Amino acid sequence: MGSANIIEAMEIMLLAVVSPEIRCEWRLQDWQVALVSTMVFLGFMVCGILSGYLADRYGRWKVVFGGFVWSAYFSLLTSFAPSYGWFIFLRSMVGCGVAGVSQGFVLKTEFIPAKYRAILLPLATVFWMIGSMLIIVLGMLVVPSFGWRWMIRLSVTPSVILLFLFKFIPESARYNVSAGNVQAALETLQKIAKMNHSSLPPGRLVERSEKERGSWRILLSPAFRRTTLLLWYSWFVASFAYYGSVLSSSELLEKNLLCVTDPDPEHLVKHTHPDGLCFCIPFKNNDYQTLLISCLGEVALVPVNICLLNIFGRKLSMTMLQLVAAMLFMLLNICSSMFGFTVLLFLLRALVSMNFSVVYIYTAEVYPTVARSLGMGFCTSFSRIGGMIAPFIAQVLMSQSVVLALGPFAVTCVICALGNFLLPIETRGRALLVRDAINEWAGHCG
């Protein structure tokens, strides 16, 4: 299911790479460039809740597969967009498909035992990094010679290839149990046992099917109400900070807004002039390389993230990561060398990516199986509100003031870090819940 992360990363990072090109082709103002990202996240937000509901009602596998097909189809159509209006409409449809693809995280989580989740789930960021780097390398190799349209067409290729892997992916056994399809769950478990040259314990799988699957009432029940409300804000901040870091770095490089003590001649070309705007400032090779290095930051500190999760738990890890990320956002305002900026960007991307990973893990662990996908769907929808606002801060306000643009990202991280102390549940080492039902093997006593 790491392939789901690859595709999602490519579709999201594509926005940072293609922004300078569409600005030049259609002579777009800052707010129009920001609206492209906002429309993608709007599609994600609207379809996030729907995909969560469908995944809880009809299965994870169907929603993830459908999301793959949908996002690949509309992404390909984007490359033929004749105008700016068509471009933002088609990208919003891509966002809708990516919402379905993101349910792959739930499917993956439901197969991983509790003691391995803190290790394996953070390692999923490797796949996100691969997707991010693929689209940046495509931009570096294809855009200068063939243009952004061919870059998008080639970026669809991994989606088409990965579709054939779905025949190897089973439906979640936990979902099948909660849906009353115990036999299908048992067959999946038997297949896993066979692959591992092992066998199932003696007995039969006993479970009560849940009729109230995919109900929002579970999320706002007394047991989960505070957790749900706080997680909605945590997801908003995780997305706001992550995409803020991605788009801010792209904008600072494209418009040459950095306070650099050793600028190259190409970094002296400014976006704003007394007589108007310079619309065409394409990325240079150095800019692509800086973005590539920042992507490496997303996995470089994964061992640190694993240690934090196992030693301090989920809640305290989120708090520490958000506080340090807030500090790094403000450090971007300081004048430094290009190397210093690259290091800061590397660390910032590492911290916001680690925070996003921990929020993902905590959400998947805290909700019961009967509402896990819906809970994730609601949370990802709230995260896309952060993604919708981030472009207008990072791409519009940035042109007016770098300090004013980076300040909101730092402030929201600090508020969220303090709010984490109010979360009532720590999920470290806890088994996934089904809801008022007990999974047990009714074995034969000798």
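Of note:
- Using R0 = 51 Å, the C-beta based FRET efficiency linking GLN190 and LEU323 works out to 0.65.
- For the listed peptides 42-48, 177-183, a ranking on the average number of other beta carbons within 10 Å per residue, highest first, reads 42-48, 177-183.
- Difference of contour (0.36 nm per residue) and Cα-Cα distance, PHE80 to TRP216: 45.1 nm
- Sorted largest first, extent of the stretch 1-153 alpha carbons per principal axis (Å): 51, 30, 24
- Stokes-Einstein D (µm²/s) once Rh is taken as the Kirkwood radius of the stretch 103-182 over alpha-carbon pairs, at 25 °C in 0.890 mPa s: 159
- Put simply, the Cα atoms of the stretch 104-150 extend 49, 16, 7 Å along their principal axes, the longest span coming first.
- Estimated at the nearest 10 Å², the accessible area of VAL94 is 0 Å² with a 1.4 Å probe.
- Rounded, prolate or oblate (a/c below 1.5 giving rounded, otherwise prolate when a/b exceeds b/c) for the stretch 348-393 by Cα gyration tensor: oblate
- Ranked order, SER75, SER83 - accessible area, probe 1.4 Å, largest first: SER83, SER75
- Largest-first principal axis extents of the Cα set of the chain (Å): 86, 44, 39
- Ordering 231-238, 157-164 by mean Cβ neighbour count within 10 Å, with the highest value first, yields 231-238, 157-164.
- Computed label-point distance, nm, for sites LEU141 and PHE164 using a 7 Å Cα→Cβ extension: 2.0
- Pairs from LYS108/LYS315; LYS115/LYS167; LYS115/LYS191 whose Cα-Cα separation, in the structure shown, is over 24 Å: LYS115/LYS167
- Between ALA223 and TRP150, the simple spin-label model (points 7 angstrom out along Cα→Cβ) gives 5.7 nm.
- Anisotropy class of the stretch 310-397 from Cα gyration tensor, a/c 1.5 cut: oblate
- Of the DSSP H helices in the chain, those that are both long (alpha-carbon extent of 24 Å or more along the helix axis) and hydrophobic (Kyte-Doolittle mean at least 1.6) are 125-146, 402-419.
- Convex hull of Cα atoms in the stretch 267-418, direction-averaged projection (nm²): 10.7
- Packing rank of 219-225, 410-416, 191-197, 385-391, where each peptide gets the mean count of other beta carbons within 10 Å, highest leading: 385-391, 410-416, 219-225, 191-197
- On the basis of the beta-carbon distance and an R0 of 56 Å, VAL304 and ARG204 show a calculated FRET efficiency of 0.80.
The values are calculated or read from the model by the stated rules, or taken from the named source; none is laboratory data. Source: prediction; values computed, not measured. FYI the Cβ positions are ideal-geometry reconstructions off the backbone, even for glycines, and counts take in every protein chain you see. Protein only, heavy atoms only, side chains kept; ligands, DNA and RNA dropped before computing areas. Shrake-Rupley method; radii C 1.70, N 1.55, O 1.52, S 1.80 Å.
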